[in-house]
Amino acid sequence: MDREKRNHLIRLFVAIAAVYIFITILEFTLRPTSIVFTVLRKGAIYSLVAVSMNLLNGFTGLFSLGQAGFMLLGAYTYAILTMPLSVKQSERVYKYYDCIVQFDTGVFIGLIAAGLVAAFFAFLIGLPVLRLKSDYLAIATLGFAEIIRAIFQWDVLGPLTNGANLLREFKDLSRITIPFTDIPFPPTLFVFIVVGISILLIVLLINSSYGRAFKAIRDDETAAEAMGINLFRHKELSFVISSFFAGISGALLAMFQYTVQAQQFRTVLTYEILLIVVIGGIGSISGSCIASFLYIALSEWWLRGLDMGTFLGIEAPDLFRSGFRRLVFSVIIMVIVLFFSRGIMGDKELSYERFRNGIRRLVPGRRAR
Amino acid sequence: MFEISNLSVNYGGIEAVRDISFSVPDGSIVTLIGANGAGKSTTLRTIAGLVKPRSGRIVFNGEDITGKDPAYIVGKGITLVPEGRRIFPDLTVLENLKIGAYLRTGSIEDDIEWVYRLFPRLRERSWQFGGTLSGGEQQMLAVGRALMSRPKLIMMDEPSLGLAPLVVRDIFSIIKKINEEGVTILLIEQNANMALQVADTGYVMETGVITLSGKGSDLISDEGVRKAYLGG
C-alpha cells in the first residue's frame, strides 16, 4: 500500500516536472507571439478559477455564481497596487481623477492582496448569503457579482478605480522580472508557477480533514451536522478560500490581458467557468484543468478559422465568417452535455493507472500480462 | 446520567413533543417506542441539537445542554445515528468513519481498529464508497461512524428500518455488544418487540406525550402494549 502510494507520488512529481520543463523549452524556442502561449496562459488561468469554483460547487455542494465578481476584485486590486507611482501621478492612466493610492507594491504582494481582498468580500457576503440554499445561493451570488461590477464603474470611486476607464501599465506579464535581477521572467512559466502552487494548495485542502468535512456537507448536510460539523463555518471557509483563488486568477487574467476594465467581468465569464467545470466533471480537479485547456484551445485557436474564412484547408469566406465559430462551438457544447453528462472525468481524477487502462482498451493487441 | 425534564418541542408548526420527562442511567439501554408521528425522532433531534426546544431542560452529567449547537453536544459525548442511516455515499467507508471523529484531536487509529473489530464487514469494504454498501452494511457504517466520536451516549433512530429480519437480528446483537463495552444507548424503534427485548427500560410515546413506562420485560407482557405495538 505505502509502496504503491510512493510510486504514485513519484509518478505525479515526474509528470508535473515534465510539464514545467516542456513550458520552459517552449519559452525559449517558439516565437513569443505564438498562439500556443495564449492558449497555455489563458488555459492555466481558467484552470485555476475553474478549480476554485469546483472546490465550491463540486466538493462543498454550494452552487455559487459569483466567480466573475471575485475575479474582478482580484484584478483591480492587483492592477491598482502594482501600477508604479509615477504612472499613477501622470495623466497616462488616471486622466480624469487623482489616484488616491499613493504607493506601489511588487508582484508578489499584489497577487496575495488580490486574493485577500476577494476573500474578505467573500467573507462579508457569505455571512447572509450562505444561509440560503441551492438556487437561491446561485441567484444571490450572481447578483453580487453584477453589483460589484456596477460599483467599480461608478464615477464616485474614480480616484480608486479610474471609473469606467481602463487600468494599464501595471506589472503585467511583459513587465515582471526574476527576483533580485532585471532579467524578464518567462511569462508563461510565471503563470504556470502561480497556478501550479495555487492548485496544489487546493488539492492539499481537499485531501485534508477540512476537505473531508466539505464533502460530507455536500453528501448530506443533516448527517454532517449530526457528526458535529458546523455547517455555516465550513461553508464560509470553503467560500472564502474559493474566492481567494478566484481573486488570484483575476489578477493573473489582468496580467495576461495587460489591461483591466470592469466590463470584462460580466456574468458570461462566470458561465464560461461553469461550463468548463461541467465539461471537466463536477468534483474532478484534473477534469477542470483538462477542460479549461481544451475550451481555450478550441475557442481561441482551433476554431478560429471558422471566423476567418478558412477552416481545415476549406476556403469558404461566405460561410466561415464572423460569428460562425460561436455557432459551431455551441453545437459542440450541446453534444458534450448530452452525451457526456458527467463530464470528461466524472468525479474521478486523472491517474497513470486510468490512463494505462484507457490505452489498453484502445489497443486490443497489447492486453497481454 | 442523562435526564430530560418537561421537554416541549414545536416542529413543522405542530407541537410534536409535549412536556415529556425521562432519564437514561449510565450504562443502560433505554428505548422509546411508539407509532409514526409520536414525536420520537423529534425528541432525539432535539437532544442532538438539530432542533431547538420550546421549553424544558436537557441535562447530561450535571450540565444543562438545552439548545446547544450539535457540535457542542457531540463534543460532550452524545452522538446521533440518524434515521435512514444517512451515510455519505460519495465518501469511502474509511472516510465516513474519519468524519465521525471530526471533532476529536489526536490519534484515531485505535478507534478505527475498534470499529473494524465490531464490524469486520466494514474492514473488507474499507475502500468502497459508502453508497455501494448494502442496507445492513450501511447501518453498520452509520453506527460505526457514530462510535468514532467516542460517545458516552449513543442515540439510534430506527436502526432496523428497511432491513431484512436476519440483518435486524445482527444489528440488535451489535447494539447489545456496544452496550457491554460501556456505551449508554437511547434507542427509538417501531420494531417494539426487538427493542423491548434488549432494553432495560422502555417508554411508550403517543402523539407527543409519554403514556407508559416500565422495565423492558414488563412492557413486553403488558396487555396495552401488546395490543398496540406487538400485534396481539
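The values are calculated or read from the model by the stated rules, or taken from the named source; none is laboratory data. For clarity, every value in this text was computed on a predicted model and none was experimentally measured. No Cβ is skipped: glycine too gets one built from the backbone with ideal geometry, and neighbour counts run over all protein chains shown. Ligands, DNA and RNA are stripped out before the accessible areas are found, and what is left, the full protein with its side chains, is counted by its heavy atoms. Shrake-Rupley method; radii C 1.70, N 1.55, O 1.52, S 1.80 Å.
Points worth noting:
- Close pairs (7 angstrom Cβ cut-off, 6 or more residues apart or separate chains): in contact (Cβ under 8 Å) with a residue 60 or more places away in the chain in the range A:276-287, crowded, with 24+ Cβ neighbours inside 10 Å and of a type in the set (A, V, I, L, M) anywhere: A:276/A:50; A:276/A:291; A:277/A:50; A:277/A:53; A:279/A:291; A:280/A:50; A:280/A:291; A:285/A:51
- Verdict on residue A:248 being within 14 Å of chain B (Cβ to nearest Cβ), surrounded by 22 or more Cβ atoms within 10 Å (Cβ to Cβ) and either within 22 Å of the chain's Cα centre (by Cα) or touching a residue at least 12 places away in the same chain (Cβ under 8 Å) (or both): no
- No other residue among A:239, A:256 is open to solvent by less than 10 Å² (accessible area, probe 1.4 Å), among the aromatic types (Phe, Trp, Tyr) and out of contact with any strand residue (DSSP E or B) (no Cβ under 7 Å at 6 or more places or on another chain) apart from A:239.
- Answer residue from the range A:281-299, given it is open to solvent by less than 20 Å² (accessible area, probe 1.4 Å) and either closer than 17 Å to residue A:64 by Cβ or part of a loop (DSSP other than H, G, I, E, B) (or both) and is farthest from the other protein chains (Cβ to nearest Cβ) among those: A:288
- Where residue B:106 falls short, out of the listed (1) within 9 Å of chain A (Cβ to nearest Cβ); (2) open to solvent by 20 Å² or more (accessible area, probe 1.4 Å): (1)
- Looking only at the range A:216-236, residues that are in contact (Cβ under 8 Å) with a residue 12 or more places away in the chain, facing chain B (nearest Cβ under 8 Å) and open to solvent by less than 30 Å² (accessible area, probe 1.4 Å) come to 2 in all.
- Taking the listed residues B:79, B:42, B:46, the one that is within 14 Å of chain A (Cβ to nearest Cβ), in contact (Cβ under 8 Å) with a residue 60 or more places away in the chain and either part of a helix (DSSP H, G or I) or open to solvent by less than 10 Å² (accessible area, probe 1.4 Å) (or both) is B:79, with no other qualifying.
- Of all residues in the range B:82-103, those satisfying the criterion of being outside any loop (DSSP other than H, G, I, E, B) and either touching a His at 6+ places or on another chain (Cβ under 6 Å) or within 7 Å of chain A (Cβ to nearest Cβ) (or both) are B:95, B:98, B:99, B:100.
- Flag set for residue A:168, criterion: open to solvent by 10 Å² or more (accessible area, probe 1.4 Å) and away from chain B (no Cβ under 14 Å).
- Some residue of the range A:318-329 being in contact with a strand residue (DSSP E or B) (Cβ under 6 Å, 6 or more places away or on another chain), outside any helix (DSSP H, G or I), surrounded by 11 or more Cβ atoms within 10 Å (Cβ to Cβ) and without any contact (Cβ under 8 Å) to a residue 24 or more places away in the chain: yes
- Qualifying residue in the range B:151-164 (condition: open to solvent by 30 Å² or more (accessible area, probe 1.4 Å), at pLDDT below 95 and more than 17 Å from the chain's Cα centre (by Cα)): yes
- Which listed residue, of A:65, A:73, is outside any helix (DSSP H, G or I) and either open to solvent by less than 10 Å² (accessible area, probe 1.4 Å) or at negative phi (or both): A:65
- All positions within the range B:167-197 that are farther than 18 Å from residue B:139 by Cα and hydrophobic (A, V, I, L, M, F, W, C): B:192, B:196
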